[in-house]
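Undergrad: First, the structure itself, so that you have it in front of you.
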Ligand SMILES: [Zn+2]
């Protein structure tokens, strides 16, 4: 596998052969809320991804969820976040039951890359992690929690460019701590301990926990906390991090806190992270431990994680030949003034609060 920054770098999982014949349309993914097809846009002949969102008007909850996702897809302007290129108009308003969204076509996703036999170099891991955090910093600056960060929601193209996708569970952060937020979020393996412990209010640190799990999975090529149930999920986490102090369980529900306190006192065993792979260097494990903190208020932010020395090479690699924000001239590379831009505005969800 080539490094992500050599010319013609490609992910061997999906080497793209030249296509002299027009490629047939085909399904490429099945999400919880729709099917994604790889199609040719007849208007310009370009290959794009077409997502069908079926039965969107079935009930009010589904209407609101789809509307929120579409609004977000149209709001995003960032190279590491998937956005809508177009939304197709229904041919007739009377049979308007499904919505079709066109997005950029990406060849694969990080789950497929991780389970494939292709080697993942330290360069790959760094440039992937850099882009995940770069996209997440942007989302969090817009006030958006993704709430389902997992390898399958991180699309990757043949040049190792990565984009965060699937905003079906995303929402705007809730500053009012008395407001309850749903716990039906995040695929279990990537679910933060505060959600597993029944916290009714959480912040964007839940996304950072998921990124930490993915970082470890990139290093070790296997799911870090692969449990059969939410309780076992919590047990696997405390096996690694040790029994949390009471202060780290402030927002937990009584039953979950009792479960932890009833069990044996566990010491942390973080040194096992060095055994994930030969790429698990001091710097890598240091950053990983800052993401996998039990207490969400102590967990590192996307912005601060991007300032960690482990990500310097990923940043350089990304902006040397993969980004759209810098460019080359005959005398060298002209770099952007802001390597990890924030959103210019916060995502406005005030329409949801109107009756
Ligand atoms: Zn750049």
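Undergrad: Can you report the number of residues in the range 127-150 which are assigned to a helix (DSSP H, G or I) and surrounded by fewer than 24 Cβ atoms within 10 Å (Cβ to Cβ)?
TA: Of the residues in that region, 4 qualify.
Undergrad: Could you check the range 305-336 and list, in sequence order, the residues that are exposed (fewer than 14 other Cβ atoms within 10 Å of the Cβ), away from the ligand (no atom under 16 Å from the Cβ) and not in a loop (DSSP other than H, G, I, E, B)?
TA: Residue satisfying the conditions is 309 alone.
Undergrad: Let me ask something additional. Scan the range 337-351 for residues that are touching a strand residue (DSSP E or B) at 6+ places or on another chain (Cβ under 9 Å) and under 8 Å from residue 142 (Cβ atoms) and jot them down.
TA: 343, 346, 347
Undergrad: Please enumerate the residues belonging to the range 295-304 that are in contact (Cβ under 8 Å) with a residue 60 or more places away in the chain and surrounded by fewer than 21 Cβ atoms within 10 Å (Cβ to Cβ).
TA: 297, 301, 303
Undergrad: Checking the structure you have, find out if any residue of the range 276-294 is surrounded by 20 or more Cβ atoms within 10 Å (Cβ to Cβ), modelled with pLDDT of 95 or more, within 16 Å of the ligand (Cβ to nearest atom) and under 30 Å from residue 197 (Cβ atoms).
TA: no
Undergrad: Another question, if that's okay. Out of 72, 106, which single residue is under 30 Å from residue 218 (Cβ atoms) and either at pLDDT 95 or above or in contact with a helix residue (DSSP H, G or I) (Cβ under 9 Å, 6 or more places away or on another chain) (or both)?
TA: After applying the criteria, what remains is 72.
Undergrad: Please go through (1) in a loop (DSSP other than H, G, I, E, B); (2) more than 16 Å from the ligand (Cβ to nearest atom); (3) modelled with pLDDT of 95 or more; (4) closer than 30 Å to residue 161 by Cβ for residue 298 and return the number of the only condition it doesn't satisfy.
TA: For residue 298, the failing item is (4).
Undergrad: Here is a follow-up. Only one residue in 56, 61, 66 is in a helix (DSSP H, G or I) and more than 25 Å from residue 162 (Cα to Cα). Which one?
TA: 61
Undergrad: Let me ask you something else. Considering only the range 89-105, how many residues are under 28 Å from residue 142 (Cβ atoms), in contact (Cβ under 8 Å) with a residue 24 or more places away in the chain and assigned to a loop (DSSP other than H, G, I, E, B)?
TA: 2
Undergrad: Right, another one. Only one of (1) over 24 Å from residue 190 (Cβ atoms); (2) not in a strand (DSSP E or B) fails for residue 86. Which number is that?
TA: With (1) over 24 Å from residue 190 (Cβ atoms); (2) not in a strand (DSSP E or B) applied to residue 86, the lone miss is (2).
The values are calculated or read from the model by the stated rules, or taken from the named source; none is laboratory data. Worth saying up front: this structure is predicted, and the values here are computed from it rather than measured. Neighbour counts run over all protein chains shown; Cβ positions are idealised from the backbone, glycine included.
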